[in-house]
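Scroll down for the structure; my scribbles are underneath it.
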Amino acid sequence: MSGIAPRSETPVTGKASLVEYLESGCKPESDWLIGTEHEKFAYNLKDFQPLAYDGAVGIRALLAGLTRFGWQPIEEHGNPIALSKPDGSFISLEPAGQVELSGAPVANLHQTCDEVMGHLQQIKAIARDLGIGFIGLGYSPKWRNSDMPWMPKGRYKIMREYMPKKGKLGLEMMQSTCTVQVNLDFDSESTMVRMFRIGLALQPVAVALWANSPFKEGKPTGYLSYRSHVWTDTDPDRCGMLPFVFEDGFGFERYVDYMLDVPMYFVYRDGAYIDASGQSFRDFMAGKLPALPGERPMMDDWADHLSTAFPEVRLKKFLEMRGADGGPWNRLCALSAFWVGLLYDAAARDDAWEMIKDWSFEELRALRDDVPRLALNTPFRGRILKDVAIETLEISHKGLRNRARLDRVGMDETHFLRPLFQIAQSGLTPAEELLAAYEGRWNRTVDPIYREYAY
């Protein structure tokens with residue numbers, strides 16, 4: 001496979017080595033970086049159809065075009081399925097051809113936004129030649145899930161067959177959703193725990209502020225973030241709010257215990273994905289995995305397994321904040337700003353903790369259940385979530401101001417929060433803006449969304 005580093009030959013020597021793997025992510029605060037990932041739907045400009053992999057106006061042609069900008073192809077069985085650069089950035093494909101940029105880790109939000117803008121300029125340059133458009137939404141607004149294509153990636157074939165065994169909406173999650181997330185560092189186990197708890201507690205605020213998926217098959221769903229609702233019936237073994245994170249004693253080892261209880265999807269060997277769906281990583285460690293009898297895992301197998309859990313916040317060697325719908329470019333930069341402001345400044349992190357530390361898990365569960373439908377109007381502790389969102393944004397603003405990371409003209413990072421303050425103070429989410437257009441000037445059709453909201 002061109003463009004992929006050799007697989008590690010480091011063996012898993014026991015549970016302690018799995019804990020050490022997570023712990024090895026700790027780094028001094030001065031070395032903390034920001035990694036932003038965002039997905040978008042690609043479609044044919046002529047009829048708004050999602051792109052198949054092959055064809056003159058297809059995903060393969062798009063990937064081939066992007067190589068003119070120095071991207072190197074990553075192939076699976078002769079099919080380009082991703083692109084990479086030496087700086088650690090990747091362009092990859094979600095199951096139905098949603099195009100994802102996994103940005104290189106950078107030191108500040110100005111670099112994040114430059115990276116997002118550079119990526120959009122590149123893909124739009126290729127798209128103009130091919131007749132392709134892109135849109136940032138949380139859920140595909142027009143097409144049935146059965147209309148969506150499948151990309152030729154082995155892990156997706158395994159997931160496609162397994163998902164319906166665990167939940168009703170797993171295939172919709174794979175084929176019809178798009179997200180934006182930010183990956184953040186920590187310097188110690190205790191800092192990781194504090195960040196994880198704040199991240200989980202405030203993930204519903206992110207769902208509300210970024211709510212941008214009110215349509216399914218051309219009609220309103222009754223949800224402002226239908227994408228967020230989809231995750232509630234995808235796979236209970238690997239999704240959700242993780243109550244144990246708020247329990248005494250939580251740390252790297254407890255997360256390892258959780259992941260050892262998450263059923264596997266696959267094992268990657270010699271360029272192929274071997275179906276191990278529903279099997280146990282504990283059995284793998286004991287040499288008793290049915291898919292590979294007698295074989296024991298390498299650390300890369302553990303890294304792969306960590307990527308197959310989908311909680312609202314996910315731990316690898318860094319923390320992933322995973323609650324937001326996809327959106328326009330300024331809200332991509334804003335997501336990183338939101339979480340960096342809350343979690344990368346010690347004073348802001350303390351303020352965020354003071355705000356959420358006495359929230360019960362029952363309150364958080366109820367909030368998580370109601371936010372996809374009600375967003376900023378969700379009742380919470382005698383207020384509505386709009387009020388909590390404004391308070392949260394003020395803390396994040398403080399954190400970004402304290403960081404004092406300036407761009408070339410002397411602006412700090414706080415301006416990236418501006419679109420979020422506009423949403424929170426107005427109480428009008430992006431989804432409600434879309435619904436107003438649908439009921440008004442669009443005459444109850446979603447087709448104009450592909451023109452008015454395209455990148």
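Quickly run through region 415-455 and pick out the residues that are in contact (Cβ under 8 Å) with a residue 40 or more places away in the chain, within 20 Å of ALA42 (Cα to Cα) and out of contact with any helix residue (DSSP H, G or I) (no Cβ under 9 Å at 6 or more places or on another chain).
Answer for region 415-455, where residues must be in contact (Cβ under 8 Å) with a residue 40 or more places away in the chain, within 20 Å of ALA42 (Cα to Cα) and out of contact with any helix residue (DSSP H, G or I) (no Cβ under 9 Å at 6 or more places or on another chain): ASP447, TYR450, ALA454.
Which residue is nearest to the chain's Cα centre (by Cα), if the candidates are limited to region 106-131 and must be within 14 Å of ALA64 (Cα to Cα), surrounded by 14 or more Cβ atoms within 10 Å (Cβ to Cβ) and aliphatic (A, V, I, L, M)?
It comes out as ILE123.
Of all residues in region 49-64, count the ones that are of a type outside the set (A, V, I, L, M) and in contact with a Gly (Cβ under 8 Å, 6 or more places away or on another chain).
Here the count works out to 2.
Output yes when any residue across region 346-355 is assigned to a loop (DSSP other than H, G, I, E, B), surrounded by 21 or more Cβ atoms within 10 Å (Cβ to Cβ) and in contact (Cβ under 8 Å) with a residue 12 or more places away in the chain, and no when none is.
Within region 346-355, not a single residue is assigned to a loop (DSSP other than H, G, I, E, B), surrounded by 21 or more Cβ atoms within 10 Å (Cβ to Cβ) and in contact (Cβ under 8 Å) with a residue 12 or more places away in the chain.
Just to verify a result, which residue in region 232-255, among those that are without any contact (Cβ under 8 Å) to a residue 24 or more places away in the chain and either assigned to a loop (DSSP other than H, G, I, E, B) or basic (Lys, Arg) (or both), is surrounded by the fewest Cβ atoms within 10 Å (Cβ to Cβ)?
For region 232-255, the residue satisfying everything is ASP248.
Can you go through ARG331, ARG314, ARG322, ARG383 and tell me which one is crowded, with 19+ Cβ neighbours inside 10 Å, closer than 23 Å to SER225 by Cα and free of Cβ contacts under 8 Å to residues at least 40 places away in the same chain?
On inspection, the qualifying residue turns out to be ARG314.
What pairs come up if the first residue lies in region 185-199 and is surrounded by 20 or more Cβ atoms within 10 Å (Cβ to Cβ), the second is of a type in the set (Gly, Ala, Ser) and part of a helix (DSSP H, G or I), and their beta carbons are under 7 Å apart, counting only those six or more places apart or on different chains?
The qualifying pairs are ILE198/ALA352.
Being over 25 Å from the mean Cα position of the chain (by Cα) and either in a loop (DSSP other than H, G, I, E, B) or polar (S, T, N, Q) (or both) is the filter here, so list the residues in region 265-278 that pass it.
Result: ASP270, GLY271.
If you scan region 416-427, which residues turn out to be out of contact with any Lys or Arg (no Cβ under 7 Å at 6 or more places or on another chain) and crowded, with 17+ Cβ neighbours inside 10 Å?
Passing the criteria: PHE416, LEU417, LEU420, PHE421, ILE423.
Give me the helices (runs of 4 or more DSSP H) completely within region 382-442, filtered to those with at least 3 residues that are farther than 18 Å from ALA211 by Cβ and either out of contact with any His (no Cβ under 6 Å at 6 or more places or on another chain) or of a type outside the set (Lys, Arg) (or both), ordered by residue number.
Ranges flagged: 385-403.
Tell me, yes or no, whether region 288-305 has at least one residue that is in contact with a Pro (Cβ under 7 Å, 6 or more places away or on another chain) and either buried (at least 19 other Cβ atoms within 10 Å of the Cβ) or part of a loop (DSSP other than H, G, I, E, B) (or both).
yes
Going by the conditions given, is ARG322 within 26 Å of LEU137 (Cβ to Cβ), outside any helix (DSSP H, G or I) and among the basic types (Lys, Arg)?
yes
Given (1) surrounded by fewer than 19 Cβ atoms within 10 Å (Cβ to Cβ); (2) on the phi < 0 side of the Ramachandran plot, identify the lone condition not met by LEU101.
Tallying (1) surrounded by fewer than 19 Cβ atoms within 10 Å (Cβ to Cβ); (2) on the phi < 0 side of the Ramachandran plot, LEU101 fails exactly one: (1).
Considering only residues that are assigned to a helix (DSSP H, G or I), of a type in the set (Val, Ile, Thr) and in contact with a Phe, Trp or Tyr (Cβ under 6 Å, 6 or more places away or on another chain), which ones fall in region 110-165?
VAL116, ILE158
Any idea which of (1) out of contact with any Asp or Glu (no Cβ under 8 Å at 6 or more places or on another chain); (2) buried (at least 19 other Cβ atoms within 10 Å of the Cβ); (3) of a type in the set (Asp, Glu) is the one ASP147 doesn't satisfy?
Failing condition for ASP147: (2).
So, MET173, is that one within 20 Å of the chain's Cα centre (by Cα) and under 30 Å from SER17 (Cα atoms) or not?
So MET173 does not fit the description; no.
Name the residues in region 354-380 that are in contact with a helix residue (DSSP H, G or I) (Cβ under 8 Å, 6 or more places away or on another chain) and hydroxyl-bearing (Ser, Thr, Tyr), would you?
THR378
Output the residues belonging to region 22-55 that are among the small types (Gly, Ala, Ser) and closer than 22 Å to PRO95 by Cβ.
GLY35, ALA42, ALA52, GLY55
Only the coordinates and a few stated rules stand behind these numbers; no lab work does. Keep in mind that what you see is a predicted model, and the values were worked out from it rather than measured. Don't worry about glycine lacking a Cβ; one is built from the backbone with ideal geometry, like all the others, and counts go over all protein chains shown.
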